[in-house]
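The values are calculated or read from the model by the stated rules, or taken from the named source; none is laboratory data. What you see is a predicted model; the values in this text were computed from it and never measured. Methodologically, a virtual Cβ is constructed for each residue, glycine included, from the backbone with ideal geometry; neighbour enumeration extends over all protein chains shown.
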Amino acid sequence: MIYLLSNNSEVGLTPEKLRGLAQQQGLRETTSEPPVYQVHRLSAQLGADQIDDIVRRHEAGESARSLANECSVAPSALIRLLRERNVVVRQHVVTSDQEEMMVRDYEAGMTTAELEQKHQLSHSTVLRALHRAGVEMRAKAPRRKSA
């Protein structure tokens with residue numbers, strides 16, 4: 001950028017010309033049409049009836065993760081689809097009973113992956129609950145080197 005604005009540049013940009021270009025660009029952005037979004041691929045994959053059913057079930061209290069697992073789609077994709085339809089996506093709150101059970105299970109030898117599967121929670125939710133309970137995490141197993 002400094003080279004372009006210097007006297008050695010063959011382009012001949014001056015600060016005034018650069019400012020004028022920036023102002024022209026700013027005008028184009030404000031007068032342009034709003035962006036048109038592509039139809040979400042998940043909408044085409046699932047179909048309107050199934051999406052309506054998913055929205056209804058989520059609003060009735062089912063978790064986005066369980067619905068995504070049932071439909072064999074990524075939870076993040078399903079959550080994005082719900083948000084595009086102005087559905088309020090709830091975050092799963094770990095109850096104190098669940099937290100105590102996870103602590104007991106972890107201290108009894110279960111791995112975090114097993115806890116995730118057992119409680120149908122994400123990895124980060126399990127870790128946050130364990131850290132909040134003051135659990136000292138075990139060391140990770142050493143990785144095997146591939147041959």
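Here Glu116 fits the description: without any contact (Cβ under 8 Å) to a residue 12 or more places away in the chain, surrounded by 15 or more Cβ atoms within 10 Å (Cβ to Cβ), within 30 Å of Leu42 (Cα to Cα) and not basic (Lys, Arg). In the range 52-68, is there at least one residue being assigned to a loop (DSSP other than H, G, I, E, B) and touching a residue at least 12 places away in the same chain (Cβ under 8 Å)? Yes, the range 52-68 has at least one match. From the list Ala141, Ala68, the one residue that fits, being farther than 30 Å from Arg57 by Cβ and either among the small types (Gly, Ala, Ser) or surrounded by fewer than 12 Cβ atoms within 10 Å (Cβ to Cβ) (or both), is Ala141.
Say whether the condition of being touching a Pro at 6+ places or on another chain (Cβ under 6 Å), at pLDDT 70 or above and among the charged types (D, E, K, R) is met by at least one residue in the range 73-84. Can you show your working first?
In the first step, residues of the range 73-84 are kept if they are touching a Pro at 6+ places or on another chain (Cβ under 6 Å); the result is none.
No, because not a single residue in the range 73-84 is touching a Pro at 6+ places or on another chain (Cβ under 6 Å), at pLDDT 70 or above and among the charged types (D, E, K, R).
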